[in-house]
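Q: First, the structure itself, so that you have it in front of you.
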Amino acid sequence: MSRSSRPVNEQLAREFGLNAEEYARVLAIMGRTPSLTELGIFSVMWSEHCSYKSSRVWLKELPTKADWVVHGPGENAGVVDIGDGLTAIFKMESHNHPSFIEPYQGAATGVGGILRDVFTMGARPIANLNALRFGRPENPRTKRVVDGVVRGIGGYGNCVGVPTVGGEVNFHAAYDGNPLVNAMTVGIAQKDRIFLSAAAGIGNPVVYVGSKTGRDGIHGATMASAEFDANSEEKRPTVQVGDPFTEKLLIEACLELMGTDAIVAIQDMGAAGLTSSAVEMAGKGNVGIELDLDAVPQRETGMTAYEMMLSESQERMLIVLRPGAEDLARAIFDKWDLDFAVIGHITDTGRIVIRHRGALEADIPLQPLSDEAPLYRRPIRWPVPPGALDHEAIQSPMPVQRALLQLMASPDLCSRAWIWNQYDAVVGGQTVKRPGAADAAIVKIEGSTRALALTTDCTPRYCQADPKMGGCQAVAEAWRNITATGARPLAITDNMNFGNPEKPEIMGQFAAAIQGMAAACNALDFPVVSGNVSLYNETEGRGILPTPAIGGLGVIEDARLARGIAIAPHLDLVLIGETAGWLGQSLWLREIAGREDGAPPPVNLVAERRNGDFVRHQIAAGGVHACHDVSDGGLLVAIAEMALAGDTGCALEEPPDGITPAGFWFGEDQSRYVIAAHDASGLLAEARRAGVPARLLGRTGGNELTCPGGVSLSLGELREAHERFFASWMG
Amino acid sequence: MSLRAGIVIFPGTNRERDMAIALTRASGGQAPAMIWHKDATLPPLDLVVLPGGFSHGDYLRCGAMAAQSPVMRAVRDFAAAGGYVLGVCNGFQILTEAGLLPGALLRNAGLRFLAQDHHLRVGRTDTVFTGNYTEGQVIRVVLAHGDGNYVADEQTLDRLEGDGLVAFRYCDADGAIGAETNPNGSARGIAGIYSADRRILGLMPHPEDYVDPLMGGEDGAPMFQGLVEALAA
C-alpha cells in the first residue's frame with residue numbers, strides 16, 4: 001500500500017518515530033496538518049541520528065578548541081592545521097544498524113558515507129580506518145557478520161583506491177545482536193581551499209550530482225534511531241546499496257570542480273538524503289531553498305516527493321554554485337559520466353519549498369525546524385564503579401608461559417592479519433607503517449616530508465565497569481598510540497556507541513564517558529573536532545558495552561623518524577611507566593582466570609602526559625629503535641608482539657619483588673611503553689632526570705622469548721598460537 | 001635522459017599516482033603524461049602504462065569495458081608499431097581482454113581479495129622491463145587483487161613457457177615454486193607474461209608500490225630504472 005494514501009495524524013507520526021509531544025510541536029510550527037512529505041522531513045530531521053536530541057547537552061562538555069583546530073564539530077568533518085599550509089580533515093561515523101541487517105552493504109556504505117563527509121570539504125581522502133565490535137565467535141551469526149563486514153569494508157575501500165591502514169576489533173557477547181561498524185576517513189586539503197556547507201547567494205543554482213535517486217534507504221535515519229527486535233531483518237529494504245565505482249568518479253569530479261571557483265557551498269547527501277543536505281545547507285546560511293523534484297535524476301519510475309526527499313541512495317552530493325557556473329560544472333560531471341541536474345535555487349524566504357509535478361509538496365520554515373528540534377536532558381542514573389580487586393590475592397591458575405600462549409591465541413589479542421590481508425593498505429604509495437607495523441598507522445603526505453599518525457581506540461570492558469575511567473582511557477590510549485610512533489597527537493574524532501538513551505543507566509554511561517573523555521582531552525591538549533553518536537544499540541532490550549570509539553590523529557614532521565614495534569637483535573628493552581600489577585578488568589583476568597570483574601586500571605593523566613612527552617622526545621632524539629605501548633594483555637603480550645613483528649627473540653629479566661608474576665607480566669597498568677634502545681643506560685639515566693619511572697626488561701636476540709626461570713617459547717610456537725584463531729575459524 | 005611515459009586513466013583507475021611516483025622517481029623528476037580513456041590518439045611516447053584499479057567498477061569481467069575504450073585502439077596501434085606497453089593488475093586484465101596478451105584472469109582461487117606482500121621469481125632479463133634484475137632473482141612485491149588467477153589453455157601455457165614468455169612466477173622467499181607459494185591459483189604459478197615480441201608486459205603484482213625503502217621495499221625500482229635506461233632518449 002502506498003503511504004501517500006494514509007492520512008497524516010499522530011498515529012502515522014508515531015510510526016515515523018515522533019512521539020505525541022514532538023508531533024504537537026510540528027502542528028504548532030506548521031499551523032496546520034503537515035503533508036506526508038513534510039511529516040517525513042520533520043521525522044528524519046528530529047530523529048536521534050540527525051538531531052542528537054539526547055546527546056547534545058552532554059557533547060557540549062567536550063573541549064573542541066586548540067590553536068591548530070581550523071574547524072571543530074558542526075561541519076561535515078573536523079579540520080586541523082598540520083603545517084606547510086595543509087590541513088587534515090577527518091571524522092569517524094557509525095553504520096551499526098545497517099551492518100547487522102546486511103553486513104556487506106552496511107559496512108560498505110559506511111565507508112562510502114564517511115569518505116563523502118571528508119571530500120565534500122575539499123580534501124583528497126588518503127586513509128581509511130575502522131573500529132569493529134562483534135559478538136562471541138561461538139555465536140553462529142557472528143561468523144557471517146564478520147565475513148560480510150570485512151568484505152564490505154575491503155570491497156568499497158579497495159575499489160575507491162583509498163588505503164585502509166588501521167583499525168581495531170573486539171569480540172564480546174554484548175555485541176551478539178548488535179555489532180558496531182565505525183568507519184573513519186582522513187583527507188588532506190590546502191588550508192585556503194576548504195569547502196563549507198553554508199548556502200549563500202539569493203538565486204544561486206542548487207545542483208544535484210552523482211548517482212540517481214532510488215527507493216533505497218528510505219527512513220534509514222529513523223531505523224538508526226530505534227532498537228532492534230526479532231523482526232529486524234524485515235528492515236532490510238531500508239539498507240542502502242553502495243557503488244564504490246561511482247564514488248571514485250564523484251571524488252575525482254568534485255575535486256576537479258573544487259579546483260575552480262564555481263562552488264559556493266557543498267554537502268554530501270548522507271543520512272536523510274536530500275532532506276538533510278538541503279535543510280542543513282540553507283539553515284546554516286540563514287537563507288531559504290526551493291527544489292523542483294521533477295529535475296532530480298531518478299532510477300525508478302513513479303517516485304513520490306516523500307520517497308525522493310527521504311531516499312538514502314548513495315553517492316550523491318548537493319552543491320550551490322556561483323551564478324553562471326553551471327556550464328563549467330556540467331562539463332566536469334559529463335567528463336566523469338555522472339548525473340548533473342539543476343534542481344532548485346537559493347531564496348530569501350527562510351523556508352524549504354518542495355515542488356513536484358506542479359504541486360506544492362512541502363513548505364516549512366527552516367529556523368523552527370532546527371531551533372525547535374527536540375532537546376532532551378534525559379534522566380540519568382550515574383554508574384557506580386566497582387571497587388578495586390585485591391590483586392595480590394588473585395590466584396594464577398597456570399604458569400606465565402602457558403598464559404601468554406593462551407592470551408596470544410585469544411580472539412581479542414590474536415593476529416588480525418586475516419582481516420588486513422583483505423584491505424589494500426598501500427594504494428596511493430604513501431603508507432609508511434601498515435596495520436600491525438606500528439601503534440598508529442603512518443601515512444606520508446605526497447610531496448612533503450610530513451606524515452600523519454592515525455589510530456582508533458576503545459576498551460569497552462573498561463567502559464562497562466567504569467564509563468568515566470573507560471572514556472578517559474580511550475582518549476589516553478589514542479594519544480599513547482600516536483606518541484609511540486614519535487608523532488605529535490593533535491585531535492580526535494569520537495564515535496559514541498551506546499544503548500537506549502531513554503534508560504537512565506544508559507544515559508549515565510553516556511554522560512560519565514563524556515566526562516572522562518573531556519578530562520583526558522583537556523589534560524593532553526587533544527580536542528574533539530568531529531564525531532558521531534549512535535544510540536539505541538540494543539537488541540531484545542539488551543544493550544551493548546558502552547563503546548566511545550576514539551579516532552586519533554597526529555603529525556610527524558619527518559616520516560623517516562616514525563617508529564614501529566618490530567625489534568631487531570642486540571637491543572635493550574626498557575619499560576617506561578609505573579607497574580602496580582593491576583589485574584582488574586584485564587584480559588588475563590577474563591581469559592586465564594575466567595573472571596570479568598573489578599575496577600579497570602586508573603589513568604593518571606599527569607603521568608600519562610609526562611611519560612608520553614618523554615617517549616616522544618627520546619624518539620626525536622634518535623635513540624629509539626622500536627616502541628610499543630602496553631595495553632590489552634599487559635607487558636608480556638606487548639613484548640611478544642614486538643618479537644613477532646621483528647622476528648627476533650629476547651631474554652627477559654626477573655620481575656621486581658613485591659608484585660605477583662601475573663600482575664607484572666599481564667597487569668594492564670596505564671601510561672606505559674616498551675622501548676627497544678641501543679643504549680639502555682643512557683635512556684634510564686634520562687628517565688631518572690625527567691622523573692619518569694623506567695626499568696630494564698631484557699635484551700633482544702635469538703629466536704626465542706626466554707622468560708625468567710629459564711623457560712623459553714620459540715617464536716614459531718608463539719606465531720602459530722597468534723595466527724591460529726582466524727585461520728581455523730574462517731578457513 | 002628523459003623517458004616519455006604515458007599513464008592511461010580509465011574511470012575507476014586508482015593506482016595512477018603510485019605509478020607516476022615510480023616513473024618520476026626513476027627518471028629523475030620527469031613526470032609521465034596522463035592520458036584520458038576517451039582520447040583516440042596518443043602523444044609521442046616511449047612507453048604506455050595501463051595502471052591498476054577497478055576500471056568501470058569491474059562490474060563486467062575485469063578490464064572488459066576498458067578494453068573497448070577509444071584509447072585502446074590507439075594503444076593497439078602503438079603496440080603494433082613496436083611500442084612498449086606495461087599493464088599492471090587491472091592493466092594486465094585489460095591487456096588480456098584487448099587481446100594484446102593471451103589468457104584471462106579469473107577470481108582468486110580463495111575467493112577473497114588478496115592484499116599482502118608476496119615473492120616473485122624473475123624470468124629472462126633480456127627485456128626492457130627486467131634488464132636491471134638477474135635471472136632467477138627473487139623480489140618482494142605487493143599483491144592487491146581479487147581477480148588474479150591466470151588461466152590459459154594448455155597449448156598457450158606450453159607456448160608461453162617454451163618461448164620464454166613467462167616474465168614472473170609466484171614463489172617463496174627462497175625462490176621455491178609450488179602449490180603452497182601460489183597465492184591465487186594461477187596456472188603454473190604465473191604472475192606476469194610477455195607478448196611474443198616481449199614489448200608488452202602484463203603482471204598482477206605492483207612493482208610501483210615498492211620503489212622507496214620508506215614505504216617498505218624497493219624491489220620494484222629496478223624495473224622502472226631499467227625502463228628509463230632502455231627507452232629514454
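Q: From the square roots a ≥ b ≥ c of the eigenvalues of the alpha-carbon gyration tensor of the range A:582-666, which class results: rounded (a/c under 1.5), prolate (a/b over b/c), or oblate?
A: oblate
Q: Can you work out D for the range A:369-497 in µm² s⁻¹ from Stokes-Einstein, where Rh is the Kirkwood radius over C-alpha pairs, the temperature is 10 °C and the viscosity is 1.306 mPa s?
A: Roughly 84 µm²/s, to the nearest whole number.
Q: Just to be sure I understand: if I project the alpha-carbon convex hull of the range B:1-87 onto a plane and average over all orientations, what area do I get in nm²?
A: One quarter of the hull surface, i.e. the mean projection, equals 5.2 nm².
Q: Going through the cross-link list A:K284/A:K503; A:K91/A:K444; A:K248/A:K433; A:K65/A:K91, which pairs have a Cα-Cα distance over 21 Å in this structure?
A: In this structure, A:K284/A:K503; A:K248/A:K433 exceed 21 Å between Cα atoms.
Q: Let me ask something else. Ranked from the most accessible area to the least, with a 1.4 Å probe and all protein chains present, what is the order of B:V138, A:V146?
A: Descending accessible area places them as B:V138, A:V146.
Q: Report the full-extension gain for the segment A:E557 to A:L360: residue separation times 0.36 nm, less the Cα-Cα distance, to one decimal in nm.
A: 65.3 nm
Q: Please report, for the Cα atoms of the protein assembly as shown, the Rg to one decimal and the Dmax as a whole number; what are they, in angstrom?
A: Reported Rg and Dmax, both Å: 28.4, 85.
Q: One-quarter of the Cα convex hull surface for the range B:58-120, in nm²?
A: The number I arrive at for the range B:58-120 is 5.4 nm².
Q: Convex hull over the alpha-carbon atoms of the range A:426-491: what's its volume per residue in Å³?
A: Taking only Cα atoms, the range A:426-491 has a hull volume of 89 Å³ per residue.
Q: Okay, next question. Please list A:73-83, A:310-320 highest first by mean number of surrounding beta-carbon atoms within 10 Å per residue.
A: Ranked from most to least packed, the peptides come out as A:310-320, A:73-83.
Q: Over all pairs of distinct alpha carbons, what does the Kirkwood formula give as the hydrodynamic radius of the range A:485-602, in Å? Walk me through the intermediate numbers first.
A: Details: mean 1/r = 0.0565 Å⁻¹.
Over the range A:485-602, the inverse of the mean reciprocal pair distance is 17.7 Å.
Q: Around B:I35, which amide H atoms from residues at least 5 apart in sequence, or from another chain, sit under 5 Å from its own amide H, with H modelled in the peptide plane?
A: Here the answer is B:I7, B:V8, B:I9, since their amide H atoms fall under 5 Å of that of B:I35.
Q: Same structure, new question: Diagonalise the Cα gyration tensor of the range A:1-111 and give the resulting equivalent ellipsoid semi-axes, square root of 5 times each eigenvalue, largest first, whole Å.
A: On the way: eigenvalues 259, 81, 31 Å².
Computed over the range A:1-111, the values are 36, 20, 12 Å.
Q: Now a separate question. With a bin width of 5 angstrom, please list the P(r) values of the range A:310-415 as percents of all Cα-Cα pairs, from the 0 bin to the one holding the largest distance.
A: The percentages, shortest bin first, are 2, 7, 8, 9, 10, 9, 6, 5, 5, 6, 8, 8, 7, 7, 4, 1.
Q: Then there is this: Within 10 Å of each Cβ in peptide A:246-255, how many partner chain Cβ atoms are there on average? Round it to a whole number, please. Mind dumping the intermediate values first?
A: Details: counts 3, 1, 7, 3, 0, 1, 5, 0, 0, 0.
That works out to 2 on average.
Q: Let me ask you something else. How big is the A/B interface in buried accessible area, both sides summed, 1.4 Å probe, to the nearest 100 Å²?
A: Its buried surface, counting both partners, is about 2500 Å².
Q: With θ taken as phi - 60° and the coefficients 6.51, -1.76 and 1.60, list the Karplus ³J(HN,Hα) couplings across the range B:219-225 in order, rounded to whole Hz; mark glycine and proline as x.
A: Per residue, the Karplus-derived 3J(HN,Hα) values read 6, x, 4, x, 4, 6, 4 Hz.
Q: What number does the range B:105-150 give for Rg over Rh if you use C-alpha atoms and the Kirkwood radius?
A: That ratio equals 1.08.
Q: Out of every Cα pair in the range A:321-377, what percent are spaced more than 19 Å from each other?
A: Percentage above 19 Å: 55.
Q: Work out, in µm²/s and without decimals, the Stokes-Einstein translational diffusion coefficient of the range A:226-381 at 37 °C, 0.692 mPa s, Rh from Kirkwood over C-alpha pairs.
A: It diffuses with D of about 188 µm²/s by this estimate.
Q: Would you mind computing the Rg to Rh ratio of the range A:78-208 from its alpha-carbon coordinates, Kirkwood style for Rh?
A: Result: Rg/Rh = 1.08.
Q: Translational D (Stokes-Einstein, µm²/s) of the range B:1-160 at 20 °C and 1.002 mPa s when Rh comes from the Kirkwood sum over C-alpha pairs?
A: Roughly 130 µm²/s, to the nearest whole number.
Q: Let me ask something else about it. Kindly provide the Kirkwood hydrodynamic radius of the range A:498-549 in Å, to one decimal, from all pairs of distinct alpha carbon atoms.
A: 11.9
Q: Could you give the distance between the Cα centres of the range B:23-68 and the range A:569-611, to the whole Å?
A: 52
Q: What is the mean number of Cβ atoms from other protein chains located within 10 Å of the Cβ atom of each residue in peptide A:419-426, rounded to a whole number?
A: 6
Q: Moving on to the next point. Three principal axis extents, largest first, for the C-alpha atoms of the range B:156-233, in Å?
A: Principal-axis extents of the range B:156-233 (Cα, largest first): 35, 31, 18 Å.
Q: I've got another one for you. Mind listing which GluC sites (Glu not before Pro) in the range A:633-731 are in a DSSP loop and have 16 or fewer other Cβ atoms within 10 Å?
A: Values: sites: A:E641, A:E653, A:E668, A:E686, A:E704, A:E717, A:E720, A:E723; in loops: A:E653, A:E668.
Filter output for the range A:633-731: A:E653.
Q: Still on this structure, please answer the following. In the protein assembly as shown, what % of DSSP beta bridges are antiparallel (nearest 5)?
A: Antiparallel bridges make up about 75 percent of those DSSP assigns within the protein assembly as shown.
Q: Quick one: accessible surface of B:M34, probe radius 1.4 Å, all protein chains present, in square angstrom to the nearest 10.
A: 100
Q: A:V630's amide H: which non-local residues (gap 5+, or another chain) put their own amide H closer than 5 Å, with H modeled 1.01 Å from N in plane and none for Pro or chain starts?
A: A:R672, A:Y673, A:V674
Q: Right, next: Starting from 0 in steps of 10 Å, tell me what percent of the Cα-Cα pairs of the range A:472-526 lands in each bin.
A: In order of increasing distance, the bins hold 23, 45, 23, 8, 1 percent.
Q: Also, quick follow-up: Just from its helices, what would the mean residue ellipticity at 222 nm be for chain A, if runs of 4 or more DSSP H residues each count -39500 (n - 2.57) and the sum is divided by every residue, rounded to the nearest 500 deg cm²/dmol?
A: Details: 25 runs with 256 residues, N = 731.
That calculation yields -10500 deg cm²/dmol at 222 nm.
Q: Let me ask something else. Rank these residues by their accessible area, most exposed first, probe 1.4 Å: A:W588, A:W418.
A: On the way: A:W588 0, A:W418 40 Å².
Ranked list, largest accessible area first: A:W418, A:W588.
Q: For a quick check of understanding: with a 1.4 angstrom probe and all protein chains in place, what accessible area in square angstrom does A:T33 have, to the nearest ten?
A: 80
Q: Let me ask you something else. I need the phi-derived Karplus couplings for the range B:135-152: 6.51 cos²θ - 1.76 cosθ + 1.60, θ = phi - 60°, integer Hz, Gly and Pro marked x.
A: Going residue by residue, I get 4, x, 4, 9, 10, 9, 9, 9, 9, 8, 7, x, 10, x, 7, 6, 10, 7 Hz, with x marking Gly and Pro.
Q: Further question on the same structure: Report the local net charge at B:A179: Lys and Arg +1, Asp and Glu -1, summed over other residues whose C-beta lies under 12 Å from its C-beta.
A: -1
Q: Rounded to the nearest 500, what is the 222 nm mean residue ellipticity of chain B from helices alone, with -39500 (n - 2.57) per DSSP H run of 4+ residues and division by all residues?
A: Details: 5 runs with 50 residues, N = 233.
So the helix-based figure for chain B works out to -6500 deg cm²/dmol.
Q: Could you sort A:I492, A:I202 by accessible area so the largest value comes first, with the probe set to 1.4 Å?
A: A:I202, A:I492
Q: When the Karplus curve 6.51 cos²θ - 1.76 cosθ + 1.60 is applied with θ = phi - 60°, which whole-Hz ³J(HN,Hα) does each residue of the range A:476-489 get, with x for Gly and Pro?
A: Working through the residues one at a time gives 4, 5, 4, 4, 5, 5, 5, 4, 5, 8, x, 7, 9, x Hz.
Q: Name the residues whose placed amide hydrogens come within less than 5 Å of the amide hydrogen of B:G12, ignoring near sequence neighbours (fewer than 5 apart) on the same chain.
A: Placed amide hydrogens put B:H56 under 5 Å from B:G12.
Q: Just to be sure I follow: if Rg is taken over the C-alpha atoms of the range A:621-731 and Rh is the Kirkwood radius over the same atoms, what is Rg/Rh? Spell out each step's value before the answer.
A: Numbers: Rg = 15.0 Å, Rh = 15.2 Å.
With Rg and the Kirkwood Rh in hand, the quotient comes to 0.99.
The values are calculated or read from the model by the stated rules, or taken from the named source; none is laboratory data. Since the model is a prediction, treat every value here as computed from it, not as a measurement. Every residue, glycine as well, gets a Cβ built from its backbone with ideal geometry; the counts of neighbours run over all protein chains shown. To get the accessible areas, we keep the full protein, side chains included, count just its heavy atoms, and leave off ligands, DNA and RNA. Shrake-Rupley method; radii C 1.70, N 1.55, O 1.52, S 1.80 Å.
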